[in-house]
Amino acid sequence: MAKILLVSNGHAEDLAAAEIGARLLKLRPEVEIVALPLVGLGRAYEKKGLASLGLKKLLPSGGFAKEGLFHFLKDLRAGWFSTFRRQIRLLKAQQPDLVVAVGDAYVVALCGLFVKKPLLFIDGPKSVKIAGYWPLEKWLMRKFCATIIVQDQATADYLTGEGFPAKFLGTWVMDYVPVTGEDFGLDKNKKVIGILPGTRDEAYNNLGLILEVIEKMAVQANKQEKFVGLVASTLDRTRLAKKMTDIGWRMYEPLPADLKRGITGMLTSPRGTAVYLSEGKFGDVCVRSDLIIGLAGIANEQAVAFGKPAVCFPGSGAQTTLRRWQEIQKITGQSMAILSGNAEAKAAAIWQILRNPAKMAEMARIGKESKPDWGGTERIVKLVLEKIG
């Protein structure tokens, strides 16, 4: 019986690897699949019914320590070395027939050095549209990777030209975003502002920053302009309620009628601005929204791929630095606008987009083109099955 080890180092990477594992099991239930999430709690694997070896420890950077020395030092203080040693022990104990690793060069190094089995590497964050490969990254991939799957054709062409076994099999990041058709029962005459605060620890502070902008939008709206906020939330409700109290907002529990339409709570400002919560319906939030305010990394890329104009701005934490947004914008193009200034200026910039139908349509077009050829997961699964026989 074949054994596959899934290794991932990030929230989006967990989701992608878990989707691959679940589809593999559906096609070949006799295959043993074990997962090791290097960052976070590994909930994506648990939701798919996959065995997880994860240590269930969250580090402050959420896997983005490379965004600066400050974030790396916070991880060190939070126990990075002990976590790293335990992960090495877990990797050494595995004897799979194939390793499927989703992430960056760090995951290649760990799997190559400590598992020493054939490695299919799914390079999640890297693209030559953002930056080239460092010599160390090339050395690691050349030494350890049997196959490299990349996120766009330009990167595949570059790597194959350098002699690497690289393939572009289509976009996989949209394959784990279900859309049920839920419209949340929202007034059709109101603009819907989708809100993506992120999934990491800084998401609570980032939601606070977004709500400041939402409140300024309400102040700046003219009499004909009505809108409502809709948060795609994975946040802990107790922490969220405390954060709302701290910033002067209130959180209300949903009524039975709200739950039936996919609403799991409501946030209100002192002046009465309403923002709804929805949990587990990220895809539906994107589809129902007219525009997205996102401080969420890969979720911003997914939102624009649905054809939704998005805006972002530097927030709290390693994932929402200006440098990070500039990198992501090389993937999304001008479908995602990077805002600056105070909350009032950001709100004005959002209204400028919303009031310009031609601008909205152009951003939507660019966003859809940024993630071509959905269905990459199915092709990756087929490749994995070919490799294990």
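The values are calculated or read from the model by the stated rules, or taken from the named source; none is laboratory data. This one's a predicted model, so the numbers in the text were calculated from it and none came from an experiment. Positions of Cβ are backbone-derived with ideal geometry, glycine not excepted, and every protein chain shown enters the neighbour counts. Surface areas here come from the heavy atoms of the whole protein model, side chains and all, with no ligands, DNA or RNA. Shrake-Rupley method; radii C 1.70, N 1.55, O 1.52, S 1.80 Å.
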Leaving ligands, DNA and RNA out of it, report the carbon-plus-sulfur percent of the accessible area of the chain at a 1.4 Å probe. 54 percent
What dipole magnitude, in Debye to the nearest 20, does the chain give about its Cα centre under +1 on Lys/Arg Cβ and -1 on Asp/Glu Cβ? 500 debye
What is the angle, in °, between the Cα long axis of helix 343-354 and the longest principal axis of the Cα atoms in the chain? Nearest 10 is fine, range 0 to 90. 90 degrees
With a Cα-only, solvent-free Debye model of the chain, what are the log10 I(q)/I(0) values at q = 0.06, 0.13 Å⁻¹? -0.24, -1.10
Relative contact order computed over the chain (Cα-Cα under 8 Å; 6+ residues apart), in percent: 15 percent
Between 0 and 90°, nearest 10: helix 11-27 axis offset from the chain longest Cα axis: 60 degrees
If you count only protein heavy atoms with a 1.4 Å probe, what accessible area per residue comes out for region 279-389, rounded to a whole Å²? 39 Å²
Residue (of S8, F164, C286) at the positive-pole extreme of the chain, dipole from beta-carbon charges: S8
Å² per residue, accessible surface of region 145-193 at 1.4 Å: 42 Å²
Return the Cα extents of region 208-307 along principal axes one, two and three, sorted largest first, each rounded to a whole Å. 34, 32, 27
Can you order the peptides 220-230, 168-178, 289-299 by their average number of other Cβ atoms within 10 Å per residue, highest first? 289-299, 168-178, 220-230
Per region 122-261, sqrt(5λ) over the Cα gyration tensor eigenvalues, sorted largest first, in Å, gives 42, 18, 16
Quick one: which of K191/K242; K188/K346; K47/K243; K190/K216; K190/K308 span more than 19 angstrom between C-alpha atoms? K191/K242; K188/K346; K47/K243
